[in-house]
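Peer 1: First, the structure itself, so that you have it in front of you.
The values are calculated or read from the model by the stated rules, or taken from the named source; none is laboratory data. Nothing here was measured: the structure is a model prediction, and the numbers come from that model. As a convention, Cβ positions derive from the backbone with ideal geometry for all residues, glycine included, and neighbour counts pool all protein chains shown. Calculation scope for accessible area: heavy atoms of the full protein, side chains included, ligands and nucleic acids excluded. Shrake-Rupley method; radii C 1.70, N 1.55, O 1.52, S 1.80 Å.
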Amino acid sequence: MKKKVLALFLATTMVAGMAACGSSSSDTAATTGNDSAAASEEAPADDAASSDSASTGDAWDAWSDIDTSEHVVINYMTTGDKPSGELLATTEAALAELNDILTEKINAELQIYYISWTDYLSNYNLTLAQMDGSVDLVGTASDWLDAWPNAKNGAFLELSEEMLQTYAPKTWASVSPEHWELCKYDGEIYLMPEDNYAQWTNHGYIYRLDWAKAAGLADGVQSWEDMTTYFKYVKETYPDIIPWDSDGTQYATMAGGWIASHSDYVSIDGINAAAMWGGTRDDLYTVYSPYVTDTDSLVEFAKMMKEWDEIGVWQTDVLNNTASTNRDDYRVGKVAAEQHHTQTWTDLVSHTSQNTIYQDDPEAESGFFYFGQETGNVTALNITHGAMAVSAGSAKPERALMVYDMIRNDEQCYRLLCYGQEGVSWEMTDDGMRATPEGYNADTQNVNGVTNFWWGRNDDLEVRAADRDWDKIDALYAEYDGIKIDYPYGQFILNNDSIQSYIANINEVTTNYLKQIAFGKYSGTAEEIVAEFQQALKDAGIDTVTEEIQRQVDEVYGAE
């Protein structure tokens, strides 16, 4: 058994995170407000930074000594589709007000450089690789936006402690020394973490709780078997409804959810999309792949998915469906379930203007069956699930850091970027909540849905959305907080030079077989398809990859 060097990690690694799990701008609207999984347990900043700030009264006072006589434009790169029409005009008006403040304070302005969701990762990496100065601040993530490969390849600027203390003093002071350690590659800081915004992006099924109760599930769905009961009831009672109009891309999440619900597996982020390697809650640093070892469980998964396919849970051509309106259909009562993360549930469970399901049916309720619920196996988000970097191609990195420090830590700047103009895109209620103005139109006024600042959100400045059902949300977050462990692999950065070809082959095998298994579209028996899958993984070199990951994990965390 590998040494469990958790004393530092599990005491200091906080729940924090990203925005939308990298899926679509509509997810951003689902995560507005102080959607925190638990109260932030921010570790104190290092003594030097704290004392410096205290002695000056304001960490930004020292900026008066910095030459800002040249007006500069800082380009902030984020994933998301650029708005158009009236929404673009609304966004530009908010940015203009933000830039008036930035110009007055540091003689700079912010522009947004959008990476469209279409083939976003390839275009994101290509833009960074050009190193032409077209971007300065870069929204990134270690588990879905190739943060560490880009750091390794020289796309990101090394950020020295002195540079951060000088040009991003409030960010420097607010991030603990332990968290800065988790932002290092090869001993150098490359990322500024979103470590004071707690959220949950663990996945599960959102479903009609009122229908589940009608199906005999008095406490709602508590297991995958309950989901089967629920889907059977829906199909029998509402034969014209497709219970879950899934697209064919969700196979890896489904399989991973099954594994989390039937084991104590904890995956290592960022190696491949299926998160195929990790440890267990009792033995975090002994690496294995449940896709190879947990044969009986995978067979049971294959059998259940075949049953779901026969029930008619999804469309018969699901594997050819790469896009779906299922979430919007759930909002209006046309489907019975949606598979996504907790942040999405916080939106769908709430009686918002978009969720007409509750207006049309006063009895309607939404429950959430989260993956890992049966085993209490929930892991908090990595703090670099959302982070900001500075492009190594930036001609003005110091000013870029100053802009970031302001939009992350100045209340006015933060709210303009995250919410838009007060009175136009949002307004404050008498009880200090964030609401939409009378006559609000999300298609033309939802600035939060397009600026996509998922790399420095700050619970100290967040304003809870008034249209969220916080009683239900807080209850679920408290449940999570009672069982979760903090992400334990934050200092592990895989060097995949010697095994990348194997991983590519494994990804191809996984895509081919998991699609069939997860949607019950395989021929023969469950035992046969799982055996084929596991043999194909072995032929692709999964044992070699596991051994190499273990070797590197031992280097970071030690081995007996």
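Peer 1: Since Arg399 meets every condition but one in (1) farther than 16 Å from Asn75 by Cα; (2) open to solvent by 10 Å² or more (accessible area, probe 1.4 Å); (3) touching a strand residue (DSSP E or B) at 6+ places or on another chain (Cβ under 6 Å), which condition does it not meet?
Peer 2: (1)
Peer 1: While we're here: Please specify each residue of the range 336-379 satisfying the condition of being in a helix (DSSP H, G or I) and open to solvent by 10 Å² or more (accessible area, probe 1.4 Å). Steps first, answer last, please.
Peer 2: Residues of the range 336-379 that are in a helix (DSSP H, G or I), as a first pass: 342-348, 357-360.
Selection gives Trp345, Tyr358, Gln359, Asp360.
Peer 1: Looking only at the range 416-444, filter to residues that are surrounded by 22 or more Cβ atoms within 10 Å (Cβ to Cβ) and either hydroxyl-bearing (Ser, Thr, Tyr) or not in a loop (DSSP other than H, G, I, E, B) (or both); which one of those is nearest to the chain's Cα centre (by Cα)?
Peer 2: Going residue by residue through the range 416-444, those that are surrounded by 22 or more Cβ atoms within 10 Å (Cβ to Cβ) are 416-420, 425-426, 434.
After this cut, where a residue has to be either hydroxyl-bearing (Ser, Thr, Tyr) or not in a loop (DSSP other than H, G, I, E, B) (or both) as well, the list is 416-419, 425-426, 434.
On the way: Leu416: 22, Leu417: 19, Cys418: 17, Tyr419: 19, Ser425: 24, Trp426: 24, Arg434: 23 Å.
Restricting to residues being surrounded by 22 or more Cβ atoms within 10 Å (Cβ to Cβ) and either hydroxyl-bearing (Ser, Thr, Tyr) or not in a loop (DSSP other than H, G, I, E, B) (or both), the top hit is Cys418.
Peer 1: Six or more apart or on different chains, Cβ under 7 Å: which pairs go from a residue in the range 147-169 that's over 20 Å from Ile407 (Cα atoms) and free of Cβ contacts under 8 Å to residues at least 40 places away in the same chain to one that's in a loop (DSSP other than H, G, I, E, B) and open to solvent by less than 60 Å² (accessible area, probe 1.4 Å)? Could you list them?
Peer 2: Glu158/Tyr190
Peer 1: A follow-up question, please. Please tell me if Ile493 is in contact (Cβ under 8 Å) with a residue 12 or more places away in the chain, part of a loop (DSSP other than H, G, I, E, B), among the β-branched types (Val, Ile, Thr) and more than 20 Å from Gln199 (Cα to Cα).
Peer 2: Numbers: in contact (Cβ under 8 Å) with a residue 12 or more places away in the chain: yes; part of a loop (DSSP other than H, G, I, E, B): yes; among the β-branched types (Val, Ile, Thr): yes; more than 20 Å from Gln199 (Cα to Cα): yes.
It is true that Ile493 is in contact (Cβ under 8 Å) with a residue 12 or more places away in the chain, part of a loop (DSSP other than H, G, I, E, B), among the β-branched types (Val, Ile, Thr) and more than 20 Å from Gln199 (Cα to Cα).
Peer 1: Taking only pairs six or more apart or across chains, which ones have beta-carbon atoms under 8 Å, a first residue in the range 91-103 that is farther than 20 Å from Gly80 by Cβ, and a second residue that is small (Gly, Ala, Ser) and open to solvent by less than 20 Å² (accessible area, probe 1.4 Å)?
Peer 2: Partner pairs satisfying both residue conditions: Leu102/Ala108.
Peer 1: Another question, then. Name the pairs: first residue in the range 541-560 and surrounded by fewer than 16 Cβ atoms within 10 Å (Cβ to Cβ), second residue assigned to a helix (DSSP H, G or I) and not β-branched (Val, Ile, Thr), Cβ to Cβ under 6 Å, at least 6 apart or on different chains?
Peer 2: From the range 541-560, the pairs are Thr544/Tyr502.
Peer 1: Further question: Counting just the residues of the range 130-146 that are of a type in the set (Gly, Ala, Ser) and more than 19 Å from Pro397 (Cα to Cα), which one comes out most open to solvent (accessible area, probe 1.4 Å)? Please lay out each step first, then the result.
Peer 2: Residues of the range 130-146 of a type in the set (Gly, Ala, Ser): 133-134, 139, 141-142.
When the remaining residues are screened for being more than 19 Å from Pro397 (Cα to Cα), the result is 141-142.
Numbers: Ala141: 1, Ser142: 17 Å².
Selected residue: Ser142.
Peer 1: Here is a check on your reading of the model: is Asp186 among the acidic types (Asp, Glu), surrounded by fewer than 20 Cβ atoms within 10 Å (Cβ to Cβ) and out of contact with any Gly (no Cβ under 6 Å at 6 or more places or on another chain)? Step through it out loud before you land on a result.
Peer 2: Working: among the acidic types (Asp, Glu): yes; surrounded by fewer than 20 Cβ atoms within 10 Å (Cβ to Cβ): yes; out of contact with any Gly (no Cβ under 6 Å at 6 or more places or on another chain): yes.
Yes; evaluated as a whole, the condition is true for this residue.
Peer 1: With respect to Asp497, determine if the residue is open to solvent by 20 Å² or more (accessible area, probe 1.4 Å), more than 24 Å from the chain's Cα centre (by Cα) and within 23 Å of Asp269 (Cβ to Cβ). It would help to see each step written out before you state the result.
Peer 2: Numbers: open to solvent by 20 Å² or more (accessible area, probe 1.4 Å): yes; more than 24 Å from the chain's Cα centre (by Cα): yes; within 23 Å of Asp269 (Cβ to Cβ): yes.
Here the answer is yes, as Asp497 does meet what is asked.
Peer 1: Looking only at the range 84-129, count every residue that is closer than 22 Å to Thr140 by Cβ and either surrounded by fewer than 16 Cβ atoms within 10 Å (Cβ to Cβ) or among the aromatic types (Phe, Trp, Tyr) (or both) and tell me the total.
Peer 2: Matching residues across the range 84-129 total 14.
Peer 1: Something else about it: Scan (1) more than 24 Å from Ala465 (Cα to Cα); (2) in contact with a strand residue (DSSP E or B) (Cβ under 8 Å, 6 or more places away or on another chain) for the single condition Gly420 breaks and write down its number.
Peer 2: Among (1) more than 24 Å from Ala465 (Cα to Cα); (2) in contact with a strand residue (DSSP E or B) (Cβ under 8 Å, 6 or more places away or on another chain), the lone unmet condition for Gly420 is (1).
Peer 1: So, in the range 387-396, exactly how many residues are open to solvent by less than 10 Å² (accessible area, probe 1.4 Å) and touching a Ser or Thr at 6+ places or on another chain (Cβ under 8 Å)? Steps first, answer last, please.
Peer 2: Going through the range 387-396, the residues open to solvent by less than 10 Å² (accessible area, probe 1.4 Å) turn out to be 387-391.
Adding the requirement that they be touching a Ser or Thr at 6+ places or on another chain (Cβ under 8 Å) leaves 387-389.
Looking only at that region, the number is 3.
Peer 1: Among the helices (runs of 4 or more DSSP H) confined wholly to the range 219-335, which include 2 or more residues that are in contact (Cβ under 8 Å) with a residue 60 or more places away in the chain, among the aromatic types (Phe, Trp, Tyr) and crowded, with 21+ Cβ neighbours inside 10 Å?
Peer 2: Working: elements: 224-237, 251-261, 290-293, 295-311, 326-331.
The helices (runs of 4 or more DSSP H) meeting that bar are 224-237, 251-261, 295-311.
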